[in-house]
Amino acid sequence: MGKDWPLSILVAGPAGAGVFAASLIIGRVLFRHGVNVFITNEYPSLIRGGNQWALIRSSPDEYIFSHRRLADIVLALDNYSARAYISKLSERGIILCDEKDCGQNYNEHIRAFPFRKVLEEYKAPQVALNTLASGVIFGILGASKDTVSEVISEQFKHRKEYAELNLKLINKGYELGVALSVGQFPQLSKKVEEKRRLLIDGNSSVALGALAGGMSFFAAYPMTPASPILHFLAEIQRDYGIVVFQPESELAAINMAIGAAYAGARAMVATSGGGFSLMVEALGQAAMTETPIVIVEVQRPGPSTGLPTHTAQGDLRFVIHASQGEFPRVVLAPGDPGEAFTLSFKAMEIAWRYQVPVILLSDKFLAESYWSIDEFPSLTPSPGSVIRGEYQGDYARYRITEDGVSPMALPGTKNALVYANSSEHDEYGGGTIDPQMVRSMNEKRFRKYESLKSIAEKEGVKTYGKGDKIIVTWGSTKMPILEALKSLKDIRVVQVLWLEPFPEEALRKELAGSQFVVIENNMTGQLVSVIREKLLVKPHGFLGKYDGRPFDPEEIESYIASLGWV
Amino acid sequence: MDITTYDSGRRPVWCPGCGNYGILLALRKALAELKLAPEEVVIVTGIGCHGRISDYMKTNAFHTIHGRVLPLATGIKLANPKLTVIAHSGDGDAYAIGMGHLPHAARRNIDITLIVHNNMVFGLTTGQVTPTTPIGVKTKSTPFGNFEKPINPLLLALASGATFVARGFSAEIDHLKEIIKEGISHRGFAFIDVLQPCVTFFNTYTVLRERVYKLEESGHDPSNLEEAFRLAMQNDKRIPIGVFYKREEPTLEDTFKHAMNPPPAERLPVKVDLSKALTRFR
């Protein structure tokens, strides 16, 4: 029972008990001590009751890519959690709970406190149990009291009276934690690190990347797990002077965004698979009218309404093929918040450079987990080649050009009438059924594909580590794989970031002469099928997961062991 | 400016005698009289015979997919309120597949004009029933007669809080032109249902000519909501045309004042300082 990092803290309780709030407070306090932090959560689709948990894993010495199965400290906010998470405890683990909640099934891991009595003493509501108990953790870890009070006052900045009460409770908890004198956990250094980094989730990173890319119009209909993008942007819309709007449906959201983009606004929508299904018709419209649009699709397990609050990577084949007809599109899949930011920015840039729909394929695990990461890069959007003001000459919205990109004037431009047409059209936008024109328009649109393909080859693949044995993956599954990689030797991880166009040559080069397996969060091996189709090669093995949960690094380690690679 | 200003030069492919010609002419006249430059105007059209109108108008245009005229037009207007946005929809487009969007456009009072080409039948798909087909009418999809009660578009618009509700008749071109002018000049959502015979699948010329009467000639006060409801329900042998109801209210664009200087469409992509938004993640 060493005092070593990493340390895993799990907070569990019924929905409405402040499980996530507590995990963010704990995560932030650790983060502000200069510790690397990762926070993930699991919750059922309901507002009160049920059971949910959040796990904070941290270490000052190494990047934390994901959770592991066992927790060192469990903060149980109710009787059910006190019983249910005993099996999640590590060897050195303890479970903190109210004396009434953990009275039965007593064992040496349990640390009981008179939490509810304290709340009564302080005339505090039941919901404040989460902060009181968090205080115990801060006491155990010797957190800086200044940092704790800083985080608390920020958390409750809109409700000053709550901040005061919660601070009192945290301090009381702190005393209880110090008095416990448990020696098996690492101590936080008192010094707060100067270097300011970010502790951020995938959804917010996507929102900020788009903002950096010049987004001025966002529309979305609420759908878990994409809704936090809407909430975040709605909250900051006045600071950034952008339109953020929740219309009557996903159909309305994407059509509004297409209208806004036609008028000249860099526009984005965000949804999950079910909402994307409704948007598919308009996806084709964006392609046919060559209107730039960015669609964020945050995957959850499906089909239909599936598991609304869980994670999956089951929509890959859907998004690369969605809509009738043939047209060029771009599908990008970030695997961590840094990539969520840069690819969201990139999505906006590509959409406007090539006048194509760009889909950013995220997932619940990425979207709602928090990672401490380095600063986002400072990005400047390119000025673009949109025509404003006045046009010289004979304007044709769908002029046939060498690279397939036609001059895009905005309505309001003098001497240029902009006719966008979702039916097949001539160079001016007028409807046509002429076979020669139909062929030319198809060829014009697909000429963009060549440029997009070459970007995909350059930027579509990333590698980690060295070795002749390769794990290929995409999206956030990269994170538990990288966590597992810490204990695996001579294994290379290859992440595919561009799923359409597919970086087949880059991947072929990467895989040449090596054995490779594919790991992804679905049942049928959708990336496996794309690789087989594009590269005409078959992986040595495939590990899928389809229970709505992200991979545990342990599962990856034992899979790699079963291959005899270690 | 005269009506030729707005003529794209493309020859209409509507059936001879189609009610859409009247709407096209009324629209061009209205724009000419309002002296709107073609580049200031965006025509948004849906799918169906009405949708072809964008081919014949020399203005900006967006010919969108079936039923999505209103959200598309809303996006354009929100992104650039300087544009005059005129949406066209058919009765199938507006009241069948696109019905979900109509009450919302009305209640949020987006400053656009919606002109519904209401011929009470699906024309381009060769004559099936729509939500405004009268009960009992035999169409290709209702060979034993339409069994559904038709909806009342004007009641729907009034009940949804539309701030401008009118009905026109495509054979009364100058009257329709005045309604369109008033609708375009109205600040807010202007709803204009236009009775428009389909000469091929549901020819209603004779009946409509006999029954329509003009509201302004009967002394109707368009600020009277209750009276507007009563007139919209008028179900006897007389069909009122003209402006039923009109009121000034804040528009959707007003809600987004914080984003309108300059409006989203005029924003140049520049480096954005994210530091304020990032403070919560530090």
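Quick notes
- In region A:379-480, counting only strands (runs of 3 or more DSSP E) that sit wholly within it, the ones holding 3 or more residues that are more than 14 Å from chain B (Cβ to nearest Cβ) and touching a Phe, Trp or Tyr at 6+ places or on another chain (Cβ under 9 Å) span A:469-474.
- Pair list, Cβ < 7 Å and 6+ apart or interchain, from region B:125-138 residues that are surrounded by fewer than 13 Cβ atoms within 10 Å (Cβ to Cβ) to residues that are of a type in the set (S, T, N, Q) and in a loop (DSSP other than H, G, I, E, B): B:135/B:146; B:136/B:146
- Residue identified as touching a His at 6+ places or on another chain (Cβ under 6 Å) and either surrounded by 24 or more Cβ atoms within 10 Å (Cβ to Cβ) or part of a loop (DSSP other than H, G, I, E, B) (or both) among A:326, A:248, A:297: A:248
- All positions within region A:517-538 that are open to solvent by 20 Å² or more (accessible area, probe 1.4 Å) and touching a residue at least 40 places away in the same chain (Cβ under 8 Å): A:523, A:526, A:529
- Across region A:255-288, the qualifying residues are those that are surrounded by fewer than 24 Cβ atoms within 10 Å (Cβ to Cβ) and hydrophobic (A, V, I, L, M, F, W, C), and the one among them that is farthest from residue A:426 (Cα to Cα) is A:278.
- Count of region A:338-378 residues which are more than 9 Å from every other protein chain (Cβ to nearest Cβ) and either open to solvent by less than 20 Å² (accessible area, probe 1.4 Å) or of a type in the set (A, V, I, L, M, F, W, C) (or both): 26
- Which numbered condition residue A:193 misses (of (1) modelled with pLDDT of 95 or more; (2) open to solvent by 30 Å² or more (accessible area, probe 1.4 Å); (3) of a type outside the set (Phe, Trp, Tyr)): (1)
- Within region A:203-241, the set of residues being surrounded by fewer than 23 Cβ atoms within 10 Å (Cβ to Cβ) and closer than 16 Å to residue B:271 by Cα comprises A:239, A:240, A:241.
- Odd one out for residue A:116, checked against (1) open to solvent by 50 Å² or more (accessible area, probe 1.4 Å); (2) touching a residue at least 24 places away in the same chain (Cβ under 8 Å); (3) touching a helix residue (DSSP H, G or I) at 6+ places or on another chain (Cβ under 8 Å): (2)
- Residue count for region A:300-323, restricted to those that are crowded, with 22+ Cβ neighbours inside 10 Å and polar (S, T, N, Q): 2
- If you go through region A:20-61 and keep only what is assigned to a loop (DSSP other than H, G, I, E, B) and either closer than 25 Å to residue A:150 by Cα or not charged (D, E, K, R) (or both), you end up with A:33, A:34, A:35, A:43, A:44, A:45, A:46, A:47, A:60, A:61.
- Among the candidates A:54, A:21, A:12, the residue that is out of contact with any Ser or Thr (no Cβ under 7 Å at 6 or more places or on another chain) and within 24 Å of residue A:119 (Cα to Cα) is uniquely A:21.
- Selected residue [closer than 23 Å to residue A:262 by Cβ, in contact with a strand residue (DSSP E or B) (Cβ under 7 Å, 6 or more places away or on another chain) and among the hydrophobic types (A, V, I, L, M, F, W, C)] from B:65, B:47, B:76: B:76
- Within region A:224-262, the residues that satisfy the criterion of being touching a helix residue (DSSP H, G or I) at 6+ places or on another chain (Cβ under 6 Å), closer than 17 Å to residue B:103 by Cα and either at the interface with another protein chain (Cβ under 7 Å from one of its Cβ atoms) or in contact (Cβ under 8 Å) with a residue 40 or more places away in the chain (or both) are A:247, A:248, A:251, A:252, A:255, A:256.
- Filtering B:189, B:144 for residues that are more than 17 Å from residue B:53 (Cβ to Cβ) and open to solvent by less than 20 Å² (accessible area, probe 1.4 Å) leaves a single hit, B:189.
- A search for C-beta distances below 6 Å between a residue of region A:478-497 that is over 18 Å from residue A:545 (Cα atoms) and any residue that is acidic (Asp, Glu), counting only pairs 6+ apart in sequence or on different chains, returns A:494/A:510.
- Subset of region A:460-478 that is open to solvent by 10 Å² or more (accessible area, probe 1.4 Å) and of a type outside the set (D, E, K, R) - its residue that is farthest from the chain's Cα centre (by Cα): A:467
The values are calculated or read from the model by the stated rules, or taken from the named source; none is laboratory data. Keep in mind that this is a model prediction, so the values were computed, not measured. Heads up, the Cβs are rebuilt from the backbone with ideal geometry, glycines too, and the neighbour counts pull from every protein chain shown. Just so you know, the surface numbers come from the protein's heavy atoms only, side chains and all, with ligands and any DNA or RNA stripped out. Shrake-Rupley method; radii C 1.70, N 1.55, O 1.52, S 1.80 Å.
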